[in-house]
Each structure stands twice: as C-alpha cells, then as structure tokens.
Amino acid sequence: MNQELIKDFNFKKKFGQNFLKDENILRNIVTKSEVDKDTLVIEIGIGAAYLTYYISEKAKNVLGYEIDESLKEIIDKQLETRENVEIIYTDFLKSNPIDDIKKYDFKKLYVVANLPYYITTPIITKLIEDKIPVEKIVVMVQKEVGDRFNAKPNSKEYNSLTIFLNYYFEIRKLMDVSRNSFVPKPNVDSAIIEFKRINKYKANNEELFFNIVRDSFKFKRKNLKNNLKGYNLEKIEKSLKKLGKDLTVRAESLTIEEFIMISNEYEEE
Ligand code: SAH
C-alpha cells in the first residue's frame with residue numbers, strides 16, 4: 001500500500017475524510033471480517049483505497065462507492081495491481097446497489113465502511129430498506145457510540161433504533177481504533193463494529209411492528225397510553241396485561257419480544 005499518493009491531497013472535512021493509515025489495523029479488519037474468495041464486498045467511502053487494497057487481496061470482488069471524484073487518480077494508482085475492484089463515484093445514499101450487484105456472482109455479500117459517523121445509521125437503514133441481501137456489515141464508529149447499539153431495556157441508550165438494529169443483527173465490537181491511526185487525526189477514538197444478519201425475530205407485520213416501536217418511543221417521558229393515542233389502546237392493553245403490565249409502562253422497559261407480541265396480537269381478529 002502506497003501512502004505517498006496523498007501527499008498533495010486536500011482533505012475535505014465535509015466528507016468526513018480521515019484515512020485509516022495503520023497497516024496492522026487495516027489487515028486486522030479484513031481478517032476479523034472473514035472476507036474470503038466467496039465474498040463480494042461493498043465498500044463505502046474509499047478514500048485513498050487503503051482499506052480497499054487489503055480487502056481486494058482476500059475478497060472475490062470489491063464494489064466501492066466514493067462521493068469525492070477528485071480521489072479517482074489516487075484510487076486508480078493505489079489499485080493498479082487489482083483486477084477485482086470497481087469504484088462507482090456517487091453518494092452511496094443515492095445509489096442503487098441492488099442493480100449494481102446484479103452482474104456479480106457471489107456466495108456472500110458483506111458491507112465494509114469507514115465513513116463519517118453520522119451516516120452510519122442512514123446507511124444501515126438503506127441496506128435494509130433496499131433489501132440488499134447483506135450477511136454482515138462492518139463499520140467504524142466513534143468509540144462511545146459502539147456500546148450503545150447493544151443497550152439493554154431500561155438503560156438511557158435504549159431506543160427505537162436499538163430495537164430496529166437488534167431485530168436484524170447480532171452486534172459486537174471487533175476492536176478499538178486509536179485516533180492516532182488516522183490521517184488527519186480526528187478528535188475522538190473509534191471502534192469497529194460488526195452487524196451480523198440474524199433470523200431470530202419475525203414479526204407478522206414488520207411495518208406495523210416498527211410503527212408501534214417508533215411511536216411508543218415518540219416522547220421520552222410519556223407512557224404508552226400517551227404515545228400510542230392513535231392506536232386501539234384496548235387491544236394494546238390486553239396484550240400488556242398478559243405480560244403483567246398496563247398502559248402506564250414506558251417504551252424503554254419493553255423488550256423486542258414484547259413489542260413483537262404486541263404488534264402480532266394487534267394484527268389479529
Ligand atoms: N475507507 C477509507 C476512507 C475513510 S474517509 C479509509 O479507511 O481510509 C471516509 C471516505 O468516505 C472519504 O473518502 C469520503 O469522501 C467518503 N464519503 C463520505 N460520504 C460518502 C457518501 N455519502 N457516499 C460515498 N462515500 C462517502
């Protein structure tokens with residue numbers, strides 16, 4: 001990997017450009033992600049293709065998305081020796097990956113991304129909404145955020161996003177990454193988080209399930225009776241009773257399983 005290529009590059013803050021320069025960590029990410037020759041990797045946010053360089057060594061193919069076209073020359077040079085990489089210069093959030101992956105033949109599809117933290121959630125949401133058949137997502141996030149994804153009921157960080165993510169994925173931290181591993185050096189430390197797709201939960205009507213979850217958390221201090229005013233509260237009360245609860249409970253005390261039960265029973269009759 002060639003780090004000389006960026007010596008005249010002007011980093012753009014608005015695109016969250018902090019390149020991961022530590023070769024040990026780059027290799028480690030690829031190893032721990034278990035990328036292999038059956039895997040198509042969608043990499044989002046290519047930068048100077050440091051990570052791409054190592055992923056493409058182990059993967060069958062890499063399909064990359066990069067918003068900043070001015071990186072093209074650097075990326076092309078970095079990946080001179082690689083024949084299994086395609087880069088699309090566009091905003092991933094506006095892209096159409098389901099079409100883009102059609103021409104590839106693969107057994108497993110992974111997403112790997114070291115991106116500005118604030119687009120992590122929109123990206124995961126897009127992958128689910130676009131029904132991209134992704135088995136694993138490996139993303140860099142701010143260290144403090146890393147633990148929040150696994151927040152338990154009744155904790156401060158437990159919210160509708162926690163439920164949404166844990167419904168689809170088993171989430172764990174792969175490693176911490178010091179701020180010193182990046183150029184330019186950011187103000188915070190990072191962590192690599194793995195989201196592994198699971199089929200543990202299945203609500204009969206997922207749209208209804210997520211609507212109930214989202215609305216239940218609408219106003220933090222309010223209970224279900226107040227947050228679910230637009231619903232048939234009698235039905236919900238009936239389900240809560242079976243759980244030994246009533247409409248005065250707050251959303252943060254309910255588990256995924258309990259929300260699934262409430263939404264399934266809401267559907268009946
Ligand atoms: N993955 C590289 C680069 C990290 S910097 C590395 O680890 O070194 C983040 C990169 O994401 C930048 O190159 C930035 O231009 C790109 N980026 C930011 N927002 C993007 C978006 N919406 N779609 C695609 N790429 C984006």
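The values are calculated or read from the model by the stated rules, or taken from the named source; none is laboratory data. Computed from a predicted model, the values in this text were never measured in an experiment. With ideal geometry, Cβ positions are generated from the backbone for all residues, glycine too; neighbour counts draw on all protein chains shown. Side chains are part of the model used for accessible areas, which takes the heavy atoms of the whole protein and leaves out ligands, DNA and RNA. Shrake-Rupley method; radii C 1.70, N 1.55, O 1.52, S 1.80 Å.
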How many percent of the alpha carbon pairs in the chain exceed a separation of 33 Å? 30 percent
For Glu257 and Asn223, FRET efficiency with R0 = 22 Å and r from the beta-carbon atoms, rounded to 0.05? 0.65
Take the residue pairs Lys107/Lys152; Lys107/Lys156; Lys37/Lys173; Lys94/Lys152; Lys126/Lys242; Lys107/Lys173 and return only those whose Cα atoms are more than 29 Å apart. Lys107/Lys152; Lys107/Lys156; Lys94/Lys152; Lys126/Lys242
I'd like the Karplus ³J(HN,Hα) series for the stretch 168-178: coefficients 6.51, -1.76, 1.60, θ = phi - 60°, whole numbers in Hz, and an x wherever there's a Gly or Pro. 8, 10, 8, 10, 8, 8, 8, 5, 8, 10, 5
Between Glu43 and residues 5 or more places away or on another chain, which pairs have amide H atoms under 5 Å apart, with H built 1.01 Å from N, and which residues are they? Leu63, Gly64, Tyr65, Val112
Amide H neighbours of Phe19 at under 5 Å, excluding residues fewer than 5 places away on the same chain, with H built from the backbone geometry, are Val183
So which aspartates and glutamates pass the test for Lys131, namely a Cα distance under 20 Å, with those fewer than 8 places away in the same chain ruled out? Glu43, Asp91, Asp99, Asp100, Asp105, Glu170, Glu194, Glu206, Glu207
Placing each pseudo-label 7 Å from Cα in the direction of the beta carbon, Tyr201 and Glu170 end up separated by a distance in nanometres of 1.6 nm
Skipping prolines and chain starts, which residues have an amide H placed within reach, meaning under 5 Å, of the one on Val177, given they are 5 or more residues away or on another chain? Ser190, Ala191, Ile192
Could you please state, rounded to a whole Å, how far the C-alpha centre of the stretch 169-197 is from the C-alpha centre of the stretch 8-60? 13 Å
In degrees between 0 and 90, to the nearest 10, how far off the longest principal axis of the chain does helix 256-267 point, with axes built from Cα atoms? 60 degrees
Ordering Leu174, Leu233 from largest to smallest accessible area (1.4 angstrom probe), what's the sequence? Leu233, Leu174
At 222 nm, what helix-only mean residue ellipticity would the chain give, in deg cm²/dmol to the nearest 500, using -39500 (n - 2.57) for each DSSP H run of four or more? -9000 deg cm²/dmol
